[in-house]
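The values are calculated or read from the model by the stated rules, or taken from the named source; none is laboratory data. As the structure is a computational prediction, the values presented were derived from the model and not from experiment. FYI the Cβ positions are ideal-geometry reconstructions off the backbone, even for glycines, and counts take in every protein chain you see. The protein model used for the area step is the full one, side chains on, heavy atoms only, and it has no ligands, DNA or RNA in it. Shrake-Rupley method; radii C 1.70, N 1.55, O 1.52, S 1.80 Å.
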Amino acid sequence: MRKILIVSALAAILCAALSGCGAADKNETPMEKIQERLNGLQSYHATGTVTRITDEGESEYGIEQYYKISGQYRLELTSPDEVAGNYTVYDGSTVCQFNPRVKGKIIKNVPENQARNELFIGCFVKNYMNSEGVSIAVANFDESQCTVLEAVIPGSNKFTSTEKLWIDNETLDPVKLVIYDSEGKERYILQFKQFEYNAQIDDSVFSVEGVSPEGQ
C-alpha cells in the first residue's frame, strides 16, 4: 500500500512537469502509463549493447536478450567477433552456457551471477517494486524525453548497488539501464536498440542448442 501511495503522489507531481495536464486527463500521464506497462510485463525480446566498466577500463558487447517474468532468460553476445555466438540460458532450474569455440561447447550448472541477472528489465522491475525509496526524474535521451526510475539492488554487493532505468515517454520502451556500485560509479551501461514488449517466446529459446540441460 505504501508503494502505491508513493507512486500515485509522484505521478501527480510529474503530471504538471511533463505535460501540464489537469485532473480530467490525469490517467494519461507518462508516469502512470509507464507504471501500468511495467506491471503488465510478462516477457520481452531486446537487442542492444552493454558496456562493462572496471578499474582497468571499459569493454562493450552487442547483446540479444530473451526474458520471461517467471525468471527464464537467454543472454547472447552478438559482438565483437571473438565472442559472438556465446550465450547463457536459464530454463527455470539450471543455468547453462554455450561457447562454440570451446571443446564440448556446453557448460552446465553455471553458478548464478548477480551482475548478469541485473541486466534484465524484469529484475529491475522486481527491485523497483520492492525498493523502500522511490526516485523518479525527467531527462532527455538522444531526441526523446524520458522518465528515469531508480531502484536499490538487494544483496549488498558493492559492485551492483543501485540502478536507473530510462523509459521513453512516447513509446514507453526502455532505452537505457545503468547499474552503479556502492560509490555511485557506473559499472554497467545497457542501451537498447530494439525492445519487443510481451514477446511470444518459445521455451526452446531457453535451452542449449535446442536441447534441454537435463537432456545433455
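Among the GluC sites (Glu not before Pro) within the range 42-124, which fall in a DSSP loop and have no more than 12 other Cβ atoms within 10 Å of their own Cβ? Present the calculation step by step, with values, prior to reporting the outcome.
On the way: sites: 56, 58, 60, 64, 76, 82, 112, 118; in loops: 56, 82, 112, 118.
Those satisfying the criteria are 56, 82, 112.
So what are the ³J(HN,Hα) numbers for the range 191-206, from phi and the Karplus equation (6.51, -1.76, 1.60; θ = phi - 60°), rounded to whole Hz, Gly and Pro as x?
Rounded to whole hertz, the list is 10, 8, 9, 9, 9, 9, 6, 6, 5, 7, 10, 6, 4, 5, 4, 9.
What is the sum of charges, Lys and Arg at +1 and Asp and Glu at -1, for the other residues whose Cβ falls under 9 Å from the Cβ of residue 87? Before the final figure, lay out the partial values.
Numbers: positive: 74; negative: 64, 76.
Every neighbour counted, the sum reads -1.
Using 7 Å Cα-to-Cβ label points, what is the residue 52/residue 129 separation (nm, one decimal)?
Spacing of the two 7 Å Cα→Cβ label points: 2.9 nm.
Pop a pseudo-label 7 angstrom from the Cα along the beta-carbon direction at both residue 185 and residue 198 and give the gap in nm to one decimal.
4.2
Calculate, for residue 108 and residue 148, the FRET efficiency according to 1/(1 + (r/R0)^6) with r their C-beta to C-beta distance and R0 41 Å; round to the nearest 0.05. If you can, show how the numbers build up before the last one.
Numbers: r = 39 Å, r/R0 = 0.94.
Taking R0 as 41 Å, the efficiency between residue 108 and residue 148 is 0.60.
For the range 60-188, what is the accessible area per residue in Å² when the probe is 1.4 Å?
That works out to 48 Å² per residue.
Calculate the length of the line joining the C-alpha centroid of the range 57-124 to that of the range 143-157, in whole Å.
The range 57-124 and the range 143-157 have Cα centres separated by 22 Å.
If you keep only loop residues by DSSP, which trypsin sites (Lys or Arg not before Pro) in the range 119-182 have at most 11 other Cβ atoms within 10 Å of their Cβ? Don't skip to the answer; put the middle values down first.
Details: sites: 126, 158, 164, 176; in loops: 158.
Loop-located and lightly packed - 158.
Select from the range 47-123 those trypsin sites (Lys or Arg not before Pro) which occupy a DSSP coil region and have at most 15 other Cβ atoms within 10 Å, ordered by residue number. Don't skip to the answer; put the middle values down first.
On the way: sites: 52, 68, 74, 101, 103, 105, 108, 116; in loops: 101, 103, 105, 108.
Taking the range 47-123 and a limit of 15 other Cβ atoms within 10 Å, the loop trypsin sites (Lys or Arg not before Pro) found are 101, 103, 105, 108.
Cα gyration tensor of the range 103-195, axes a ≥ b ≥ c as square roots of the eigenvalues: rounded (a/c below 1.5), prolate (a/b > b/c) or oblate?
On the way: a/c = 2.16, a/b = 1.42, b/c = 1.52.
It is oblate, given that a/c is not under 1.5 and a/b is not larger than b/c.
Test of understanding: what is the full-extension gain from residue 36 to residue 79, defined as 0.36 nm times their sequence separation minus their Cα-Cα distance?
Numbers: separation 43, 0.36 × 43 = 15.48 nm, distance 3.37 nm.
Taking residue 36 through residue 79 to full extension adds about 12.1 nm, to one decimal.
What does the charge count around residue 58 come to, taking other residues whose C-beta lies under 10 Å from its C-beta (Lys +1, Arg +1, Asp -1, Glu -1)?
On the way: positive: 52; negative: 56, 60, 186.
That works out to -2.
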